[in-house]
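The structure appears right after this line, and notes come after that.
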Amino acid sequence: MRKGIYILPNSLTLGGMFFGFYAILASFKGNYVHGAWAVLIALIFDGLDGWVARLTNSTTKFGIELDSLSDLVAFGVAPAVLIYSWALQPFGRVGWGAAFLYVICGALRLARYNVQMGSTESKAFTGLPIPGAGVVIASLVLFHSDIGGPPPGRNYIILFLTFLLAVLMVSTLRFHGMKEVDFRKRKPFWLLVVIVVAFILIFMYPEIVLFVFAIIYVIWGIAEGTYLIHKKRRTKEPAS
């Protein structure tokens, strides 16, 4: 700290925290769509700060800890307040309990990530990353608003989804991330086409496409994790 800190990556990190805080304020005022978009904008800042830190070789322990605090605000507390204000209030104590469990599991997920950094978390993520969980909640709000659905009320599917996201964050299931992709190596041409098509779809129908992508990401992680667990058990079974 006496030598100073790197301004650019840490400023981006604080930018993500700002949008998380704005999402909380918007949720208090009933501006759920604005709050959901704020969480998604925080995701952009969260991706940029790590990318800039690696690109400029300015990764520090201070930056890592600040990033975790920012993630807890932007993708832990903000989505929890958003989903509670939007859909879980009719459930009373169960509703705020589900929202608080989401925050707890998000904090535990971040703490485990920091401890395992450089070892088991070097490639795939262990458990659903907290930004992924936050995006699921934010995109759900946007999707529901876009299709013009009625107010959620006592929607047990949303309540179950909140519990599920909390459990997935502290699970040992494997979820993939962008850090597994080495952009310095050549990739198949079709991959570029897929990326371009994905960007076009997001630009045309952002509320729908972002929600679909988020759900596919969660389902893919559950399916792959379940398959790997089953495969590991089969290999441990003695041959008959």
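The values are calculated or read from the model by the stated rules, or taken from the named source; none is laboratory data. Remember, it's a predicted structure, so these values are computed and weren't measured experimentally. A quick note on method: Cβ atoms are made from the backbone with ideal geometry, for glycine too, and the neighbour counts reach across all protein chains shown.
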G30 meets each of (1) over 30 Å from F143 (Cα atoms); (2) without any contact (Cβ under 8 Å) to a residue 60 or more places away in the chain; (3) surrounded by fewer than 18 Cβ atoms within 10 Å (Cβ to Cβ) with one exception, condition (1)
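What residue, among those in region 42-70 that are part of a helix (DSSP H, G or I) and among the β-branched types (V, I, T), is farthest from G30 (Cα to Cα)?
Checking each candidate, the answer is V52.
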Residue hits (region 139-163; buried (at least 18 other Cβ atoms within 10 Å of the Cβ), under 15 Å from A98 (Cβ atoms) and within 17 Å of the chain's Cα centre (by Cα)) are L140, I158, L161, T162
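A quick yes/no check of all residues on (1) over 24 Å from F91 (Cα atoms); (2) at pLDDT 90 or above; (3) part of a helix (DSSP H, G or I):
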{"residue": "L165", "(1), (2), (3)": "no, yes, yes"}
{"residue": "F183", "(1), (2), (3)": "yes, no, no"}
{"residue": "V193", "(1), (2), (3)": "yes, no, yes"}
{"residue": "L201", "(1), (2), (3)": "yes, yes, yes"}
{"residue": "V209", "(1), (2), (3)": "yes, yes, yes"}
{"residue": "Y217", "(1), (2), (3)": "yes, yes, yes"}
{"residue": "K231", "(1), (2), (3)": "yes, no, yes"}
{"residue": "T235", "(1), (2), (3)": "yes, no, yes"}
{"residue": "A239", "(1), (2), (3)": "yes, no, no"}
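Being small (G, A, S) and part of a helix (DSSP H, G or I) is the filter here, so list the residues in region 71-100 that pass it.
Within region 71-100, the subset small (G, A, S) is 74, 76, 78, 80, 85, 87, 92, 95, 97-99.
Across region 71-100, the qualifying residues are A74, G76, A78, A80, S85, A87, G95, G97, A98, A99.
Would you say I24 is more than 18 Å from G106 (Cβ to Cβ), surrounded by 14 or more Cβ atoms within 10 Å (Cβ to Cβ) and at pLDDT 95 or above?
On the way: more than 18 Å from G106 (Cβ to Cβ): no; surrounded by 14 or more Cβ atoms within 10 Å (Cβ to Cβ): yes; at pLDDT 95 or above: yes.
Against the criterion (more than 18 Å from G106 (Cβ to Cβ), surrounded by 14 or more Cβ atoms within 10 Å (Cβ to Cβ) and at pLDDT 95 or above), I24 does not qualify.
Can you tell which of L201, L191, L173 is surrounded by 12 or more Cβ atoms within 10 Å (Cβ to Cβ), farther than 16 Å from W86 by Cβ, out of contact with any Asp or Glu (no Cβ under 7 Å at 6 or more places or on another chain) and free of Cβ contacts under 8 Å to residues at least 24 places away in the same chain? Steps first, answer last, please.
On the way: L191 fails: surrounded by 12 or more Cβ atoms within 10 Å (Cβ to Cβ); L173 fails: free of Cβ contacts under 8 Å to residues at least 24 places away in the same chain.
None of the other options fit; the residue is L201.
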